[in-house]
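Asks: This is the structure, below, for whatever I ask next.
The values are calculated or read from the model by the stated rules, or taken from the named source; none is laboratory data. Small disclaimer: the values here were computed from a predicted structure and weren't measured. For neighbour counting, all protein chains shown are included, and Cβ atoms are generated from backbone atoms with ideal geometry for every residue, glycine included.
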Amino acid sequence: MNELIAAFTTPYTMQSVNLMLTYWECYICIALFARRFERRDFFFVRIALTLLEGMVVCYLLAIWYTEADSLLVRVLCYSAITVLNFTALMFCWRDDIEEMLLAFCSGMAAYQFTNKLYPLLQNLRGINDRETLALLHPGDAGISDLDWALFFVFHLLSIVVLALLFTPKNRLVHNRRTTRNVIILSIATVTLVNILICVSRVYEGESPMLNVVTKILYVGFSFTILTICAGIFSQSEQEEQIGILHQLWRQDRAQFESVKANMDVINMKCHDLKHILDKIEDKLTGEEAASLREAIQFYDANIKTGNEVLDVVLCEKAMTCQKSGISFSCMADGSKLDFLTPVQTYSLFGNIIDNAVEAVKPLPLEDRVISLSCREEEDVLVIEESNYFQGDLELAHGLPVTSKGDSSHHGFGTKSIQYIAAQYGGAMDIKVVDNMFFLTVRFPLGRNRDKTA
């Protein structure tokens, strides 16, 4: 009986162990990238079942691989392990298919990166990776416990570091373009991993130089896949934010048209009221006449900057500030703003002032001060705004963040300002000095004059 068992197992033991280690290590890589997904019921039971299933399948594949040793069989065996890993991912975790495909591709790439980087380091040290797994000495010296420890620690640390660096912290924004990119990336990853790597494995031993070059290409390919996976998340997030900004601009367009119409009506009524007051002023007391003139002056928009849209914005925000007890001072030359669309002008200055108003509202009356200027300096249009604020405000990537929940200058308003500036080759700069907030937007006028000419 023992002889029968030995005869059945021995020829396939080494190959089955190799396939099982491949499956398990790739499984760990994928699991690290899938750790943020929702776990299915009986999660650890499912993990155990997939690992046991992998052992059985890998042993059967080892028999086939050993008995029919060919390039096609090699490709099919490793393709089967790839399918096995993906089914294990679907069996143990639950999420959108696009998210799971990216985690799967990232795990596959991390596995290939680690498994090619280690032998590459061996080759660069003059050690044949086909003879030993030792990294510190040639294979003729044997393999010590330290060599095994170094081998496993290197692989484990590499996989963990890659998972920490490349696992996205945000959710994927789903659209047709993102789905298409994920599908193309998944097909390319599986195809290149299971075909090219198996094919090149046959020829990489022909010369030491070819061996090193091949492994460098593997490492570069794997790193590229990881970068692309992370880039898809970043790109989808940017597309979502741009979509939100465009939606906000459409709302700004409707609001601008409504405000402009209201301003025109108010100006006409104020003009009529002035004439009526002139006729009946002698019938009113001095206090009554002064009160009426003050009310008319409050609603009589008389800001002229050389840009009709900017006039509307400043009149609207000046009334908002006056109602809230905010001192709003403005010196603006709007004649240089022709390169901006009306909606961009309304959105740009509206967001600047709205953010400032939200920041100063909680402050004592004497600190509710907003200063705004728009001027040309050496062929550069400079827009500057300053105001007081309370709380702690820190800057990250040019945008404000806060640790105390103060969101006065935080969110899509500031991103909209930054996006508009970037569209015209300009830039937004924010500085915080003590409890003063300074925002500066610069537009190069030369290149933008050419656009509007």
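Asks: Evaluate the following for residue 102: is it free of Cβ contacts under 8 Å to residues at least 60 places away in the same chain, assigned by TED's automatic domain parsing to the domain that holds residue 231 and not in a loop (DSSP other than H, G, I, E, B)?
Replies: Answer is no for this residue.
Asks: Taking the conditions exactly as written (at pLDDT 80 or above and out of contact with any strand residue (DSSP E or B) (no Cβ under 9 Å at 6 or more places or on another chain)), does residue 324 satisfy them or not?
Replies: Yes: the conditions hold for residue 324.
Asks: Which of (1) at pLDDT 80 or above; (2) of a type in the set (A, V, I, L, M, F, W, C); (3) within 17 Å of residue 30 (Cα to Cα); (4) surrounded by 15 or more Cβ atoms within 10 Å (Cβ to Cβ) is the odd one out, the single condition residue 230 does not satisfy?
Replies: Of everything listed in (1) at pLDDT 80 or above; (2) of a type in the set (A, V, I, L, M, F, W, C); (3) within 17 Å of residue 30 (Cα to Cα); (4) surrounded by 15 or more Cβ atoms within 10 Å (Cβ to Cβ), residue 230 misses just condition (1).
Asks: Can you name every residue in segment 87-110 that is more than 24 Å from the chain's Cα centre (by Cα) and over 21 Å from residue 181 (Cβ atoms)?
Replies: 87, 88, 91, 92
Asks: Then there's this: Looking at this structure, is residue 426 modelled with pLDDT of 75 or more and in contact with a Leu (Cβ under 9 Å, 6 or more places away or on another chain)?
Replies: In short, yes.
Asks: Would you be able to tell me the number of residues in segment 374-392 that are surrounded by 15 or more Cβ atoms within 10 Å (Cβ to Cβ) and either more than 29 Å from the chain's Cα centre (by Cα) or more than 30 Å from residue 445 (Cβ to Cβ) (or both)?
Replies: Residues flagged as surrounded by 15 or more Cβ atoms within 10 Å (Cβ to Cβ) and either more than 29 Å from the chain's Cα centre (by Cα) or more than 30 Å from residue 445 (Cβ to Cβ) (or both) within segment 374-392 amount to 8.
Asks: Take the residues in segment 112-153 that are part of a helix (DSSP H, G or I) and among the charged types (D, E, K, R); name whichever of them is modelled with the lowest pLDDT.
Replies: Going through the qualifying residues, I end up with 140.
Asks: Does any residue of segment 175-193 turn out to be of a type in the set (Gly, Ala, Ser) and modelled with pLDDT under 85?
Replies: Within segment 175-193, one or more residues are of a type in the set (Gly, Ala, Ser) and modelled with pLDDT under 85.
Asks: What number of residues within segment 320-373 are surrounded by 19 or more Cβ atoms within 10 Å (Cβ to Cβ), free of Cβ contacts under 8 Å to residues at least 40 places away in the same chain and over 19 Å from residue 306 (Cβ atoms)?
Replies: Result for segment 320-373: 1.
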